[in-house]
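S.K.: Below is a structure I'd like to ask you about.
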Amino acid sequence: MSTNNRVLIFDTTMRDGEQSPGASMNRDEKIRIAKALEEMGVDIIEAGFPIASQGDFEAVQAVAKAVTQSTVCGLARAAKADIDRAGEALKPAKRKRIHTFIATSPLHMRVKLQMEPEAVLKMVTESVTRARNYTDDVEWSGEDATRSDHDFLCRCVEAAIDAGARTVNIPDTVGYTVPDEYHALIKMLKNRVPNIDKAVISVHCHNDLGLAVANSLAAVQAGARQVECTINGLGERAGNCAMEEVVMALRTRKDHMPYTTGIKTELITRNSHLVSTITGFPVQPNKAIVGANAFAHESGIHQDGMLKDANTYEIMTPESVGLRKSNLVMGKLSGRHAFRAKLEELGYTLGDNAVNDAFKRFKDLADKKREVFDEDIVALVDDAVMRENDRIKFVSLEVICGTKVAKPSAELELEVDGVVKYAKANGDGPVDALFNAIKELTTNSQHLQIYQVHAVTGGTDAQAEVMVRLEESGKTVQGQGADADTLVASARAYINALNKLLVKREKNAPAAMSA
């Protein structure tokens, strides 16, 4: 299996990515992401951790029903209840995988598991064997593999394959390894594990030292043929290997790494924005591949070179990752038919109700904004679609502020569980007054940790995208909102976060979900 040059892409945005503080996703959001990943050509989609909560179980089950081409995967610790729950959630899947794991490093076995190595080895065999009762496609992971004793790791990998694991994952759980060391580790396993040819070697790298992509590529060169990654590098702590980076590295440097994936790279930018919108995690401007500055050239020397030959400073084309030059083709005189055609051109397939809602918001925006760009439409459509099932909905806002106003005030209307409510509140500034009004109509138990604003496009009439992070009793959520009015965008972002908090309150995830 490891002699071919096809690298499988295993996306864990909805599982490991969701473990980022504030990045929780509901069932409908997971279905949207799963369908986007399937369209993109992702081989395996890790939809979640079914035993974490009833909500997680239902989300994995819903993704299993919705996805028909990609393999749908559920995570399970090496425990009977975990494996049985994953098997039940994955029942509807056309192609299903159970991903079971247990720690193999001396530190994790002693401190976290409080188990002797022989007991861990026994559980490797038992967990894989049990998972095989539900599917022939079982993946086994040795948590903290890069800090594990090599002899013991070899024994665990061999036992997992003997028990029926078709994929063995060697994760760098804490982002500790470096490329040459990781390359040597994969080579060592290929040389020392007698049955290694019966399984695909997978790698799952965290980015604590900023080496997740480099380590993953080094592993591929050593013989690994599955890379576990996330959109935008989302993940707990410093994140995971970024799918867009590892895929484009393989595509761009075929001279050095003659490997292929099944990813339609032209969908990268669109799906990056989708995940950013749903999770509330903005993409940093200088982020490789999908950042706003990734294909921007301001230096005079660079601009001169680009005008003569784009290859002077661009090693890949913007079009190869789906980045379109923003053209002004829509305005306040554009009709519904043209708007629907534009949505399809941008990759959106919406039902009539969703199109009508998006068209109304587009018309409102066109009245306020002289120039409407593709980015504006993407922002307002994503913002509208992700709020379809919200319990708390924005209705209207009026804010009074300025140097002649003693105390800024906000008058706000919200629809809460179908009932329209009104509140007026003061604050130290207009945003503070707005958020105080929201608290009066909802709850006052949350704490605002982060408030960020950035413009979707250039110009003073640009739409604002706002991100807020709320914390309540140790739980964090992030919300995002877009509007031509920064205060309205702020209200939408805060309300989006509150709706996620309502879901988060019902979740009670067990500990030790890393892999």
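S.K.: Quick one: in the range 321-354, of everything that is buried (at least 16 other Cβ atoms within 10 Å of the Cβ) and not in a loop (DSSP other than H, G, I, E, B), which residue is modelled with the highest pLDDT?
M.R.: Filtering the range 321-354 for residues that are buried (at least 16 other Cβ atoms within 10 Å of the Cβ) and not in a loop (DSSP other than H, G, I, E, B), the one modelled with the highest pLDDT comes out as Val321.
S.K.: Another one. Just one of (1) part of a helix (DSSP H, G or I); (2) buried (at least 24 other Cβ atoms within 10 Å of the Cβ) trips up Phe10, so point out which.
M.R.: Phe10 satisfies every listed condition except (1).
S.K.: Could you say which residue among Leu113, Leu121, Leu107 is touching a residue at least 24 places away in the same chain (Cβ under 8 Å) and either under 22 Å from Cys205 (Cα atoms) or within 28 Å of the chain's Cα centre (by Cα) (or both)?
M.R.: Leu107
S.K.: Here are some conditions: (1) farther than 28 Å from Lys360 by Cβ; (2) more than 26 Å from the chain's Cα centre (by Cα); (3) of a type outside the set (Gly, Ala, Ser). His447 meets all but one. Which one does it not meet?
M.R.: (2) is the only condition that His447 fails.
S.K.: To continue, here is another question. Report yes if Ala131 is over 23 Å from the mean Cα position of the chain (by Cα), crowded, with 21+ Cβ neighbours inside 10 Å and closer than 18 Å to Leu8 by Cβ, otherwise no.
M.R.: No.
S.K.: Another question, then. Name the strands (runs of 3 or more DSSP E) wholly within the range 408-515 that hold at least 3 residues that are at pLDDT below 90 and crowded, with 22+ Cβ neighbours inside 10 Å? Give the steps one after another, and end with the answer.
M.R.: Details: elements: 409-416, 419-426, 447-455, 464-472, 475-483.
Strands (runs of 3 or more DSSP E) meeting the threshold: 475-483.
S.K.: Now a separate question. Scanning for something part of a helix (DSSP H, G or I) and either under 19 Å from Leu75 (Cβ atoms) or among the small types (Gly, Ala, Ser) (or both), does the range 130-142 turn up at least one residue? Walk me through how you get there before you give the answer.
M.R.: Taking the range 130-142 first, the residues part of a helix (DSSP H, G or I) are 130-131.
Now drop any that are not either under 19 Å from Leu75 (Cβ atoms) or among the small types (Gly, Ala, Ser) (or both), which leaves 130-131.
Checked the range 130-142: at least one residue is part of a helix (DSSP H, G or I) and either under 19 Å from Leu75 (Cβ atoms) or among the small types (Gly, Ala, Ser) (or both).
S.K.: Related question: If you check every pair at least six apart or on different chains, which have Cβ atoms under 9 Å apart with a residue in the range 242-267 that is over 14 Å from Asn215 (Cα atoms) first and a residue that is of a type in the set (Ser, Thr, Tyr) and loosely packed, with under 15 Cβ neighbours inside 10 Å second?
M.R.: These pairs meet every condition: Arg251/Thr260; Lys254/Thr260.
S.K.: Can you say whether Cys205 is assigned by TED's automatic domain parsing to the domain that holds Ile98 and in a helix (DSSP H, G or I), as far as the supplied structure shows? Reasoning before the result, please.
M.R.: Working: assigned by TED's automatic domain parsing to the domain that holds Ile98: yes; in a helix (DSSP H, G or I): no.
Against the criterion (assigned by TED's automatic domain parsing to the domain that holds Ile98 and in a helix (DSSP H, G or I)), Cys205 does not qualify.
S.K.: Within the range 76-114, which residues are more than 20 Å from Val174 (Cα to Cα) and in a loop (DSSP other than H, G, I, E, B)?
M.R.: Ala79, Leu90, Lys91, Pro92, Ala93, Lys94, Arg95
S.K.: While we're here: Please name all residue pairs, on different chains or six or more residues apart, with Cβ atoms under 6 Å, provided the first residue is in the range 213-236 and is on the phi > 0 side of the Ramachandran plot and the second residue is assigned to a helix (DSSP H, G or I) and of a type in the set (Ser, Thr, Tyr).
M.R.: Hits for this filter: Asn232/Ser272.
S.K.: Residue pairs, Cβ under 6 Å, 6 or more apart or interchain, first in the range 141-159 and touching a residue at least 40 places away in the same chain (Cβ under 8 Å), second in a strand (DSSP E or B) and surrounded by fewer than 20 Cβ atoms within 10 Å (Cβ to Cβ). List them.
M.R.: From residues that are touching a residue at least 40 places away in the same chain (Cβ under 8 Å), there are no pairs.
S.K.: Tell me the residue from Ala249, Ala224 that is assigned by TED's automatic domain parsing to the domain that holds His99 and in a helix (DSSP H, G or I), please.
M.R.: Ala249
S.K.: Could I ask something else about it? Considering only residues that are of a type in the set (Val, Ile, Thr) and part of a strand (DSSP E or B), look in the range 227-246 and name the one that is farthest from Ile161 (Cα to Cα).
M.R.: Thr230
S.K.: Sticking with this structure for a sec: Quick check: is even one residue across the range 180-192 crowded, with 19+ Cβ neighbours inside 10 Å, of a type in the set (A, V, I, L, M, F, W, C), touching a strand residue (DSSP E or B) at 6+ places or on another chain (Cβ under 8 Å) and more than 30 Å from Tyr348 (Cα to Cα)?
M.R.: There is at least one residue in the range 180-192 that is crowded, with 19+ Cβ neighbours inside 10 Å, of a type in the set (A, V, I, L, M, F, W, C), touching a strand residue (DSSP E or B) at 6+ places or on another chain (Cβ under 8 Å) and more than 30 Å from Tyr348 (Cα to Cα).
The values are calculated or read from the model by the stated rules, or taken from the named source; none is laboratory data. Since this is a predicted model, take the numbers as computed values, not measurements. Cβ coordinates were reconstructed from backbone atoms using ideal geometry, including for glycine residues, and neighbour counts include every protein chain displayed.
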